[in-house]
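Contents: one structure, followed by commentary.
The values are calculated or read from the model by the stated rules, or taken from the named source; none is laboratory data. The structure displayed is predicted, hence computed values, not measured ones. Neighbour counts run over all protein chains shown; Cβ positions are idealised from the backbone, glycine included. Accessible surface areas use protein heavy atoms only, side chains included; no ligands, DNA or RNA. Shrake-Rupley method; radii C 1.70, N 1.55, O 1.52, S 1.80 Å.
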Amino acid sequence: MFFFDRWLIPMIVEKYGVDEEKALRMFINSETYKMLADRETKLFRESPLVILDMYDAERETGSPRNSTYIKNDGL
């Protein structure tokens, strides 16, 4: 998870205009984070950009499953 936190938090900071602490809290409390932490989804093999897209989809629509990257993958 450190790898994703290291890449994603700065992207969230830049995109949403929040500080690092708030960005980390926002991400850790997200459904996207729960899916990433679940070894069965195997999202840890994805690019941080895919995870960011899922997080953006969750913020915009309420569900990370609306991400264009996973919409048809059955996650």
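Of all the residues that make up the stretch 1-54, how many are open to solvent by 80 Å² or more (accessible area, probe 1.4 Å), of a type outside the set (A, V, I, L, M, F, W, C) and in contact (Cβ under 8 Å) with a residue 24 or more places away in the chain?
Count: 1.
Please state which of the following conditions GLU60 fails to meet, knowing it meets all the rest: (1) modelled with pLDDT of 95 or more; (2) under 15 Å from PHE4 (Cβ atoms).
(2)
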